Amino acid sequence: MATTTGQATPPKITYDENLAKKGIQYFKDLACNACHTVKAVGIEVGGNIGPDLSKAMLGSVGVEKGTAGGPMMMKYFEKNGLKDPAADPQKAAQLVAKFLAEGDEELAPTMAAQAAFKQQLGDKWVNEYIPALVEMLKIVAAKN
């Protein structure tokens, strides 16, 4: 889709608001805010170890604290064949879910360890927590 200036408009990001609200709660319940904030959804108190995740769906995570030598999520997206997450938010959401489920030892060793730890939650981690956390990040991306 193109605008009157000839530039493509990014696809609209759709999300389930109720599931996203659960994601916000899960983020706190799982103590993700011990390391991270998500200022765009009001999670401003907590982590100062990891970066604000407000632009994770757009690939901009890792610069604030210098983690992984730069914008780690963009590197993760590119490593998995997605060069422009804003142009394909569905694929970006799928990759965020994959990242939460598996981590990436090379780009984010701390998150790889967290993913392994969270797998102790079993099916609930994959079927409840991850979808809700991804929906939370979709709300943020839709606002940007």
Flag if Lys12 is farther than 25 Å from Leu82 by Cβ, of a type in the set (D, E, K, R), touching a helix residue (DSSP H, G or I) at 6+ places or on another chain (Cβ under 9 Å) and surrounded by fewer than 20 Cβ atoms within 10 Å (Cβ to Cβ): no
Would the range 102-109 turn up any residue that is touching a helix residue (DSSP H, G or I) at 6+ places or on another chain (Cβ under 6 Å), without any contact (Cβ under 8 Å) to a residue 60 or more places away in the chain and open to solvent by 50 Å² or more (accessible area, probe 1.4 Å)? yes
Within 12 Å of the chain's Cα centre (by Cα) and open to solvent by 50 Å² or more (accessible area, probe 1.4 Å), is that true of Lys98? yes
Filter the range 119-133 down to residues that are part of a helix (DSSP H, G or I) and more than 16 Å from the chain's Cα centre (by Cα) and give me whichever is modelled with the lowest pLDDT. Gln119
If you check Ala93, Ala40, Ala113, Ala142, which single one turns out to be in a helix (DSSP H, G or I) and free of Cβ contacts under 8 Å to residues at least 12 places away in the same chain? Ala113
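The values are calculated or read from the model by the stated rules, or taken from the named source; none is laboratory data. These numbers were taken from a predicted model, which means no experiment stands behind them. For neighbour counting, all protein chains shown are included, and Cβ atoms are generated from backbone atoms with ideal geometry for every residue, glycine included. Surface accessibility is based on the protein's heavy atoms, side chains included, excluding ligands, DNA and RNA. Shrake-Rupley method; radii C 1.70, N 1.55, O 1.52, S 1.80 Å.
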